[in-house]
Structures are given as structure tokens and as C-alpha cells.
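Data first, discussion second: the structure below is written as C-alpha cells.
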Amino acid sequence: MRTPLLTLALAATALSLAACSTEGEMRAVDPAGGGEPSTATTAPGEAPTPVPDGEVSTGGLVTVLDPGTGPELCLGAVAESYPPQCSGPKIEGFEWGDVGAEEANGVKWGTYAVTGTFDGTTFTATDAIPAALYDPMAEPTEDPLGAACDDPQTTDEAKATQEDLDATLTAASALKGYASAWLSGKTINVAVTEDAEGAEATLRETWGGPLCVTTVKRTEADLNTINQELQKALPTLLTSGSYTPDTLDAQVMYDDGSIQDWADATYGEGLVKVTSALTPVS
């Protein structure tokens, strides 16, 4: 099982979703933290805000929520409260239908696959299929982040308890040049930007189980700095965070490729991977 211990930031919503040590989750970024400012990035120029010129789709199920001021299309994070909390562009022409919607405490919400047009501010629905009637196509799942070395070594099986693991992950985060740490099965994987041998020696003081230490280009602080820049530079940013070393994933409401081009020009090709919540209808 992979346990990323990297960064997560939520933009375009006021929600703060805690993340911890389960599959697919990530440790929340403290906007005031992240270590020393990075010198590895350039000041971002003005990012484009493309608007689709035809119909677009959510590409799957999303939450539509009306807090009492009209329905909104929640393209980003949804707080798992009751009722749920989320925000997004206003959605016009939307009909709840006979199935799928719930109401509580003055809030109405449901899960739908939505198609329509988007002018950059308002989404106008032309079709909305509730989850109960939606037949999704099977989507490929991403492979988990594997071990950072071909043959993880064990030095002391007695020094591989849960307490040892916790202590080792804590020690890893304090390493000079720390970038990230994750689990692949029982193997602790740690990425640093310098002195991998010294890092491994330090980690062996608390961990005797399988261990891999690898080197990457950017520290956790570097990625946090870029992450915070993205939140300021991209007005339609929904979420951004790091799932693998040396990369950031950023989801925006809509990208026709121009935001990806801007990210490549600003931070270097491949560092920031931009995905679009809305996709053109073919």
C-alpha cells in the first residue's frame, strides 16, 4: 500500500480537508510553513484563463449543491459533513430530477454527471444525469508509487514495529534536503536532494525493516513554495498537491492546454501537471 506523505492544498474553495496516512491521502500544507523560501522557481507571470467555446462535460459524477442561494456546480473538494459543504460556479438550467437529491438544514444536494456550456463564471446545463441512472465507463486506475529501489534491504527484523516506523518517518521529515516519504508494502521509501548515504545511516538508527533512499531534484519546501504560487496565480485552481517526488498535480476548472503551456514555461516542462475538471464534448 502506498502512503504518500507529501503536500496538498485546496484552492477555489474555503474548505480545509485534513489529510493523513491512508491510501491516496496527503499531508495538508501549512501556507505559513514550508521551510525557507525556494530559489528554484521564477516569479510566475500572468496565467491564462481559457473559456471553452462549446459544450463541456464534468467527465463523471460531481456534486451539485444549493445552500439556499441557487445551485452550484462543485468541481473541487467536497467536505464530508451532513449536509456536505462545497462551492463552485453557479449552474443555470439545472433540474434536480426525480431521484438522487437530498435535503437537510436548508441545503439541497445530489451527485450528477453534467453537460453544458461554461462562460468562465456560470455553467449552463444542457443535460444532467443523476448518479442512480449514470452508467460510467471503466476508468483506468493509476499504479501506486512503488519502491524507490529494486531490492530493499532489511537489517534488523526486530526493529520494524509500528513505533519504529512512526519514529523513522519523523526522522525522515527532519533530514536535510528532505523531499518526500511513502510506503510500498512494508518498505519505507525516502527521497532527499542530497547525501542519500547519510540519510540512510540516520534512518537506520530507528528502522531495521526494508528501506529505500533515493535522490530527487526538489525538496518538499521547493514544492510547497510552487504550490502556494499556483494558488495565487491560477484563479480557477481547484486542487493542487504532490503525489510523486519532483512533480505537482494541479486541477483547474477548464484548460484548453494554455494553462499547461504556462506552467511548463514558468516552472519547467513536466514539473506541474495540469488537469481540467471540464472536458470538451466530442
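The values are calculated or read from the model by the stated rules, or taken from the named source; none is laboratory data. Just so it is clear, the structure is predicted and the values come from calculations on it, not from any experiment. When the accessible area is computed, the model is the full protein with side chains, heavy atoms only, and any ligands, DNA or RNA have been set aside. Shrake-Rupley method; radii C 1.70, N 1.55, O 1.52, S 1.80 Å.
Can you list the aspartates and glutamates whose alpha carbon sits under 16 Å from that of K186, skipping same-chain ones fewer than 8 residues off?
E23, D150, D151, D156, E157, E163, D164, D166
If the cut-off is a Cα-Cα distance under 17 Å, which lysines reach K176, setting aside same-chain residues fewer than 8 apart in sequence?
In chain and number order, the partners are K217.
Give me the percent of accessible area attributable to carbon and sulfur for the stretch 127-190, probe 1.4 angstrom.
Numbers: 2150 of 4210 Å².
C and S atoms contribute 51 percent here.
Provide the per residue accessible area, probe 1.4 Å, for the stretch 105-236, rounded to a whole number of square angstrom. Let's see the in-between values first.
Numbers: 7020 Å² over 132 residues.
That works out to 53 Å² for each residue.
So who's got an amide H within less than 5 Å of the one on T239, skipping anything under 5 residues away but keeping other chains? H placed 1.01 Å off N, in plane.
Residues meeting the amide H criterion: A11, Q251.
Taking K232 as the anchor, which lysines have their alpha carbon closer than 21 Å to its alpha carbon, excluding any fewer than eight residues away along the same chain?
Counting by Cα, and skipping residues close in sequence, K232 has these lysines nearby: K273.
Round to a whole angstrom and tell me the spacing of the C-alpha centers of the stretch 237-259 and the stretch 181-215.
Here the answer is 28 Å between Cα centres.
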